[in-house]
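The values are calculated or read from the model by the stated rules, or taken from the named source; none is laboratory data. Since the structure is predicted, the reported quantities are computational estimates derived from the model, not experimental observations. Here Cβ is always computed from backbone atoms with ideal geometry, including for glycine, and neighbour counts include all displayed protein chains. Side chains are part of the model used for accessible areas, which takes the heavy atoms of the whole protein and leaves out ligands, DNA and RNA. Shrake-Rupley method; radii C 1.70, N 1.55, O 1.52, S 1.80 Å.
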Amino acid sequence: MLPGYIAVKRFGGANDRGIDIAGLLSEFGLEGPWDCYQCKHYDHPLEPGEARAEILKIFCGVADAHYTMPQKYRFLAPQGCGPGLTRLLSAPSKLKADFLTNLDPTKALCRDLDNEMLDRVKDLASRADFSIFGCEEVDSVIATHQRSPNHLVRFGGQLPSRPQPDTPPDDPAQHETRYIEQLMQIYDERFP
């Protein structure tokens, strides 16, 4: 488990409400402080329109009281985030303005929202801190995973180098005498 999390839960799949992985920071789970990781496996870098749809899911989940707003929200994608999305994620005020501009009933982003939910999402988004949104680089995620005990089991590879064993002393210590006597008895029984 990653440092700081008391549990890491996988929610990804149909009806995941915008959460693929949740890093829980307290015993209150999704009702307390937590981090959200949204994983996208596209053949291209993640684009702003794709990210907006995922951010919308989080605000809808908070509006429907399925969970509290995460402390951190990170996109993970094999191709990373594209330049347009990277620029937006690097300027939280611009990301917020872009998201609010696209919260329009005439835009594709909001076509499945009724007016009440749209108003609730607008209210939440206008008060939200958009600096929580970011993108994790694949190399960084792999480097973190390599330090976990599960990495070799899942991905294989070489075991880490073991330290050289201590050289045994020429003469045994006094407290080792009884063990050596018993060991010699076993050798005598096995190899008369």
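Between (i) 65; (ii) 55; (iii) 69, which entry matches percent of Cα pairs over 20 Å apart as derived from the coordinates of this structure?
(i)
Suppose a student asked you for the relative contact order of the stretch 14-89, using Cα pairs under 8 Å spaced at least 6 residues apart; what percent would you report?
37
Treating the beta-carbon of each Lys and Arg as +1 and of each Asp and Glu as -1, no other charges, what is the dipole magnitude of the stretch 44-175 about its Cα centre, to the nearest 20 debye?
360
Among Q146, Q158, P168, whose Cα lies farthest out toward the positive end of the dipole of the stretch 124-180, if unit charges sit on the beta carbon of Lys, Arg (+1) and Asp, Glu (-1)?
Going by the charge dipole, the pick is Q146.
For helix 48-63, report the angle its Cα long axis makes with the longest principal axis of the Cα atoms of the chain; keep it between 0 and 90° and round to the nearest 10°.
Helix 48-63 and the main axis of the chain meet at about 90 degrees.
Can you tell me the relative contact order of the stretch 53-192? Whole percent, Cα pairs under 8 Å, sequence separation 6 or more. Intermediate results must be reported in sequence, preceding the final value.
On the way: 81 pairs, mean separation 39.7, N = 140.
Relative contact order here is 28 percent.
Using heavy-atom solvent-accessible surface (probe 1.4 Å) with all chains present, what is the largest-first order of F75, F11, F28?
My answer, sorted largest first, is F28, F11, F75.
Treating cross-link reach as a plain straight distance, find the lysines whose alpha-carbon is under 27 Å from the alpha-carbon of K122, omitting any fewer than eight places away in the same chain.
List returned: K40, K57, K72, K94, K96, K107.
For the stretch 123-192, which trypsin sites (Lys or Arg not before Pro) pass both filters: DSSP loop (anything but H, G, I, E, B) and at most 10 other C-beta atoms within 10 Å?
Numbers: sites: R127, R147, R154, R178, R190; in loops: R147.
Those satisfying the criteria are R147.
Relative contact order for the stretch 37-128: what percent, with Cα pairs under 8 Å and sequence separation of 6 or more?
Values: 81 pairs, mean separation 32.0, N = 92.
About 35 percent, as a whole number.
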